[in-house]
Amino acid sequence: MRFKLFVVCALACGFMAYVLANENISTEELEDQIVNAVPEPVKKPVTKPKPQAEFVEVVPKATPVVKKVEVEEKTKTKPLALQKPTLIPVVHVTSRGTDDILTVAGLKPQKMFGALIMPNDYMGELGYDVDNSGYNWDPNNNVAPPTTYSVAAGGYTITPARLAELRSTFMYWYFDKDMYGGRADYQFDIHASMTQLHKNLNFQLPFYGFRFNYTRLSLNGYLEFSDPPEYLTYPLVFPIKDWPIKNDPSFMGIFFSKCRVGRIYPSDIDQRTPGVYFRVERDLMGRTDRFGVEVRERTMWDIRQGVVGADTFIPKHVVIATWKNVSFAGGIDNSLYTTNTFQMILATDEVYTYIMFNYAVLNWLSHTEAGGDTTKGEGGVPAYVGFNAGNGTQAYEYKPYSQNMVIRDLANRGWANGFPGRHIFRVDEQILIGSCNKDIDAALLPLTFAPESGNMLGGQVVNITGPCFDPSIRVTCHFDTESVLGTYVDRNRVICVQPYLKAEGYIRFQISVGTQRFKWRGKYFVETPAAATEKIFFTTDDVHKKNPSEIRITWTQYNLTSNANANVMISLWGYRETKIEPQLEYIDVIEASYSNTGSYVITPSNYINRNNVNRDMQFGFLQINLTQPDQYSGLAISPVLWSRPIPLAWYMAPQWERQHGKRWARALCDNWIRADRFLRNFAADLPLCPCTLDQAVLDKGRFRPDRECDKDSNPSCLRHRGAIHCVVSGTPCPRS
């Protein structure tokens, strides 16, 4: 009896020791050994499918089994893409139901708030878009594509369906294997004992007014460009006030917190190795290989449609950094299963730089040094999210998420490209947010809008990003003293058409959502008609003649709408300043309905018999607008294109001749001289004219080039025949 009890106790102790050994072998040293271990090659072919991914040979039925073994033995040291028979990845999917750690992949853009969705076919299926090299082009494939960069003509052309498929996937590519037996993007040298690696970019990266050709990839959730301070105190405050005594790091922080490589369950759907991934794709503008084209097009359209003002951006270089299943530092062994997964996509054309933050899963908020607990990483000071220029200059903390308990909302907010968890920024000069932000009551939050300036005559379409918009809630835009209603585009964007403004320079620009007060604010620059961007072009100088036979005009049709079948109206407006307020008045319709072709010929003889009430107008503007803006742009008010100020003799000359006689030009000049006597004399307040051309060009503080006679941009000098370069006063005189 005693012997039986002894045997039972021994078995029980052995079983408990086995369980504890398998549960607690996660010390960081052993973890590093496991992560860095090189897998041993398989000596014999696998004959029975395993529950995880493997490679299965495709062999003709007539081939004997013995030959199959010999072929594999001979080719086991060659790249997988060159082996015969071809090896095709097969994935056996097992779902953990509602207990999954990873919950994002293959996500479709969501139009409503809700949890991130994980489809059952996460890693694709056998035979999915497999090319002649045996590579599976599933966007979620964990094996990197062949490194066959190409700039040859006639390369790969992406289809709209393929682009839509790529853009419907939340996370960008990251690979832990390649077709040559390597680790692909996985950074196995980053672990608890070495938390960062130096990476040469080999291109110029504009960031916060600086330019870098390298970066440092950190396990702690950021890309860095200079040394951090030796000690950190929480909450983190940037820039460092004691710089240069203490280091002030330049960094891009997606989740700045002390991290360590976590673990995944054997039953998790995504079995890619936990840790840090890094990939650089360069010179994308000229690439014609499939992967280069797909990276360029996917990134380009995600940024163009996700950020206002990025309509012409084409990425030249793209960097993809991914932190997969990273846990917090200082936790117990079991906390290694409490992990976060997030990703940073950096795109630049070496002039503009855009950054995309993808937050797939956020299960913990802070590490133990910041006050977090040792089991779940809860409490304390959460991670820092934002950017620091370095050298004690400036910083941008992404509020209200950074170092706040609402940081967990990063995975459910943003809505860039329709995805909850995606946030986009422009970071080359100053930090401009490109996705909607969480509203905070009584906070004066900054707006992002483009363009940032417009003609004072109005009609400029302004795209606005700030709060998260709702199609059923009214948005009001307030330009200085004028208010207009906004048009809903998506959760991240509304459009407001700038009204006619009786102001010049910077004005206050605000928006109100629903019945709330105007708490989202920015500064909008109002340009004078002569200084504003030219939108209607005159191909000749006939508009300055008394009796031209025709006047040819052109415009960029896409400035109004992308619909080539839209109709436009061309009209003439006059301008005068004879009262306290300037007067802009409608004169006549040049063309009531005309196809938006981008060109038109005005025939002045058609207006000989006009008899306008406001025929005292001596100069004005041409205006082009949509006849049915709601049909083509969904707007209540049409966008408007304005010409530069033009003389109206080609239109008014017959009326002036009937009023003043054949010497009408002399009569108008005499009237101007009589009126000018009663105006304030400002000529004496102007600075003296520069003596030489060099002085005019170099003295930028007091003089600026005349836009109609500039040796660099417009040397025609229509009003000053024979002149080489003209300048005007850079600032208004004291009495003007």
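The values are calculated or read from the model by the stated rules, or taken from the named source; none is laboratory data. Please read all numbers here as calculations on a predicted model, not as lab measurements. Please note: Cβ atoms are built from the backbone with ideal geometry, for glycine as well, and neighbour counts cover all protein chains shown. In case anyone asks, the SASA skips ligands and DNA or RNA and just uses the protein heavy atoms, side chains included. Shrake-Rupley method; radii C 1.70, N 1.55, O 1.52, S 1.80 Å.
I'd like the carbon and sulfur percentage of the solvent accessible area for the stretch 210-327, probe radius 1.4 Å, heavy atoms only, ligands and nucleic acids excluded. Walk me through the numbers on the way to the answer.
Numbers: 2200 of 4180 Å².
Carbon plus sulfur share of accessible area: 53 percent.
Report the dimensions of the stretch 530-602 along its three principal axes from the alpha-carbon atoms, largest first, rounded to Å.
Projected onto the principal axes, the Cα atoms of the stretch 530-602 cover 42, 28, 25 Å.
How big is the stretch 597-650 along each principal axis, measuring the range of its Cα positions in Å and listing the largest first?
So the three principal-axis extents are 37, 22, 21 Å.
Net charge within 14 Å of His478 by Cβ-Cβ distance, Lys/Arg positive one each and Asp/Glu negative one each, not counting His478 itself? Intermediate values should be presented prior to the final figure.
On the way: positive: Arg474, Arg508, Arg517, Lys519, Arg521, Lys523; negative: Asp480, Glu482.
Computed value for this residue: +4.
Taking 7 Å along the Cα-to-C-beta vector as the label spot, tell me the Arg408-Thr148 distance in nanometres, rounded to one decimal.
Output for this residue pair reads 4.8 nm.
May I ask for the net charge around Glu224, where only other residues with Cβ less than 15 Å from the Cβ of Glu224 are counted and Lys, Arg are +1 while Asp, Glu are -1?
Details: positive: Lys199, Arg216, Lys258; negative: Asp227, Glu230, Asp248.
Surrounding charge for Glu224 is 0.
What ranking of Thr169, Thr481, Thr515 comes out by heavy-atom accessible area, probe 1.4 Å, highest first? Write out the running numbers ahead of the final one.
Details: Thr169 5, Thr481 105, Thr515 145 Å².
The ordering from most to least exposed comes out as Thr515, Thr481, Thr169.
Over the stretch 120-229, with the other protein chains present, what is the accessible area per residue in square angstrom, probe 1.4 angstrom?
Working: 4850 Å² over 110 residues.
Per residue, the stretch 120-229 has 44 Å² of solvent-accessible surface.
Taking the stretch 490-530, how much of its Cα-Cα pair set, in percent, is spaced more than 16 angstrom apart?
Details: 398 of 820 pairs.
So the pairs more than 16 Å apart make up 49 percent of the total in the stretch 490-530.
From the cross-link list Lys199/Lys324; Lys324/Lys376; Lys502/Lys700; Lys241/Lys376; Lys535/Lys700; Lys438/Lys523, which pairs have alpha carbons spaced over 23 Å apart? Write out the running numbers ahead of the final one.
On the way: Lys199/Lys324 19 Å; Lys324/Lys376 17 Å; Lys502/Lys700 28 Å; Lys241/Lys376 33 Å; Lys535/Lys700 26 Å; Lys438/Lys523 21 Å.
Beyond 23 Å: Lys502/Lys700; Lys241/Lys376; Lys535/Lys700.
Per-residue accessible area for Arg211 at 1.4 Å probe radius, Å² rounded to 10?
Per-residue accessible area (Arg211): approximately 130 Å².
What does the extension gain come out to for Asp710 and Val237, with contour length at 0.36 nm per residue minus their alpha carbon separation? Please report the intermediate quantities before stating the final value.
Values: separation 473, 0.36 × 473 = 170.28 nm, distance 4.75 nm.
Gain on stretching Asp710 to Val237: 165.5 nm.
Is the stretch 276-384 rounded, prolate or oblate when judged by the Cα gyration tensor, a ≥ b ≥ c being the square roots of its eigenvalues, rounded requiring a/c under 1.5 and prolate requiring a/b larger than b/c?
Values: a/c = 3.56, a/b = 2.44, b/c = 1.46.
Verdict is prolate for the stretch 276-384.
Taking 0.36 nm per residue of sequence separation and subtracting the Cα-Cα distance, how much length would be gained by fully extending the chain between Val601 and Arg517, in nm to one decimal?
Numbers: separation 84, 0.36 × 84 = 30.24 nm, distance 4.76 nm.
Working it through step by step, the gained length comes to 25.5 nm.
Counting only other residues whose beta carbon sits under 13 Å from that of His367, what net charge do I get with K and R as +1, D and E as -1?
Details: positive: Lys258, Arg260, Lys376; negative: Glu369, Asp373, Glu378.
Once positives and negatives cancel, what remains is 0.
Treat each spin label as a single point 7 Å out from the Cα along the C-beta direction, and report the His544 to Arg721 distance in nm.
Result for the modelled spin labels: 1.0 nm.
Provide the gained length on full extension for the span Arg304 to Arg282, in nm with one decimal, where the gain is 0.36 nm per separating residue minus the Cα-Cα distance. Before the final figure, lay out each step's value.
Numbers: separation 22, 0.36 × 22 = 7.92 nm, distance 1.92 nm.
Full extension from Arg304 to Arg282 adds 6.0 nm.
What translational diffusion coefficient, to the nearest whole µm²/s, does the stretch 637-736 have by Stokes-Einstein, given a Kirkwood radius computed over alpha-carbon pairs, a temperature of 20 °C and 1.002 mPa s viscosity?
Details: Rh = 17.1 Å.
Estimated via Stokes-Einstein, D reaches 126 µm²/s.
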